[in-house]
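Step one of this worksheet: look at the structure below.
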Amino acid sequence: MVDFSNFSTEELLTPGGFDCDCGYHHEAPVKFLKIGPGAVKTIPEALQALGCKKPYIVCDLNTKKAAWDKVEPVLKEAGIEYSMFCFNTEKRLEPNEEVMGAITFGFDKSCDVVMALGSGVINDNCKIIASIANIPCMVVGTAPSMDGYASNSSAMVIGGLKFSLYHGMPAAIICDTDIMKDAPMRMLWAGLGDMIAKYVAICEWRIGALVVGDPYCEKIATLVRRSLDKVTSAADKLQTRDPEVVGDIAEGLVLSGIAMSFAGNSRPASGLEHYFSHMWEMMALERGGESDLHGIQVGVGCYLTFKLYEQIKKITPDREKALNWMKNFDAAKWEAETHRCFGSVAPGIIAAAAKEKRNDPEKHAKRVDLIISNWDKILKIIDEEMPTFERIMEIMTVSGMPIRPAELGVSEEDVHDALCASRDIRDKYLSSTLLWDLGLLYEMAENFDGK
Ligand SMILES: [Zn+2]
Ligand SMILES: [Zn+2]
């Protein structure tokens, strides 16, 4: 079997994918990828690879300003016709019905490919309109701010609630570092935040494999670790917008998308740190407020998660305490807390937990057995995957990115609630789920200092 773990990002996109000794077939349906300085010059080549002629270009005032003076001459020179829809705003777009409707109204049926000129929200919306129009989607990225470029899901807000819609991934991705290096610094930090999340992601993927039998692939993990090392070792150069570091982050984020596609889930790319962000985002939606960039929140979530792991490393699991905790589990109290933390989405959360028997004593006892008998292995995984707290602080500090919740205006109470509720969002085994299983989550959250 091919060992793809040392392949370049382009080589990973070999048509037909790879059979792997983990027992799964890995494939990512991206047909064209170019990352680097001057990458937009390959737009004609990308269109050719997709067999397309006329793009429907979607952008907003910010992304147009960032990239159009580089993209337009390329289209002109190659004689490529296009239609464009530009949101007449400099404000951050919300991935909601209004934005999606505007893109749909502006759609030119004579176009045979959708081209997102932007990053998160524009890319997410374009994947959907392309899928509905049954034509390919391509993206010309303007900021290395999140790992959604090579992802098949779109994070959308529907009726005020957050959903992931699966409409396929862009068939071509172009990340021009000459454009990306000039992105707002907060977006560069967001990209770094979404990258360092991968330390936790791989660690919790391995723990999940031990405790609940999640399928795990060492080769995918190796890919992610490799690009993570590259990015973090040069984090000090981010503040000076070093094009090479910006390119490494863009590549790491695209590779994370490919890794998720290979794994068929988000295991290689997100762990507890992402759940802090998910919770804060849901809270903001519930309160009618705004949340920060995904990667910025995830970065702060990393700080909190690394802090929590310092405590996890000191735990001696106690079977009796764990089983007693389950025996005395107060379902009514848990439901009331779920209503308090999740508001209008609580009924869905409670129904999903019941369906998956997440709070079932028999299943819990099995997990406790596995945690206790594998505790040495779990400590070894943490030691292998997670850099020290000092090291992660060093990476975050030299980059200049926000670190603590207070810097984002997130209160101590919202840190506490997000930690307690993280395991309830969906059926993904996180370090907080492990603490819950051991009967320690709520007491640890009580004394957890997010400062
Ligand atoms: Zn594999
Ligand atoms: Zn993310």
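Any read-out appearing in this document is the output of simple, stated calculations on the displayed coordinates, not a laboratory observation. In this text, all values refer to a predicted model and were calculated from it rather than measured experimentally. For neighbour counting, all protein chains shown are included, and Cβ atoms are generated from backbone atoms with ideal geometry for every residue, glycine included.
Some notes on this structure:
- DSSP-assigned coil residues among trypsin sites (Lys or Arg not before Pro) in region 406-444, each with at most 16 further Cβ atoms within 10 Å: Arg426
- Scalar couplings 3J(HN,Hα) for region 362-370, obtained by applying the Karplus form with A = 6.51, B = -1.76, C = 1.60 to θ = phi - 60°, are 5, 5, 4, 4, 5, 5, 4, 3, 5 Hz; x denotes Gly and Pro.
- Region 277-327: trypsin sites (Lys or Arg not before Pro) in DSSP loop, at most 13 other beta carbons within 10 Å: Lys313, Lys314
- Here the chain has an Rg and Dmax of 21.9, 73 Å, counting Cα atoms alone.
- At most 13 other Cβ within 10 Å, DSSP loop - GluC sites (Glu not before Pro), region 37-107: Glu81, Glu90
- Length-normalised contact order of region 47-140 in % [C-alpha pairs under 8 Å, at least 6 apart]: 36 percent
- Prolate is the label for region 170-225, because the ratio a/c of its alpha-carbon gyration tensor axes (a ≥ b ≥ c) is 1.5 or higher and a/b is greater than b/c.
- Here's the picture: charge each Lys and Arg Cβ at +1 and each Asp and Glu Cβ at -1 in the chain, and of Ala190, Met283, Ile220 the one pushed furthest to the positive end of that dipole is Ile220.
- Look at the Cα gyration tensor of region 314-451: its axes a ≥ b ≥ c give a/c of at least 1.5 with a/b at or below b/c, and that counts as oblate.
- The amide H of Ile173, built 1.01 Å from its N in the peptide plane, has Phe32, Leu33, Lys34, Val139 as neighbours under 5 Å, considering only residues 5 or more places off or on other chains.
- Straight-distance crosslink candidates among lysines, where the alpha carbon sits under 27 Å from Lys307 and sequence neighbours closer than 8 are dropped: Lys198, Lys230, Lys237, Lys321, Lys377, Lys380, Lys428, Lys451
- This model, with +1 at the C-beta of Lys and Arg and -1 at the C-beta of Asp and Glu, gives the chain a dipole about its Cα centre of some 400 debye.
- Overall form of region 4-182: oblate. Here a/c, set by the Cα gyration tensor axes a ≥ b ≥ c, is 1.5 or more, and a/b is not larger than b/c.
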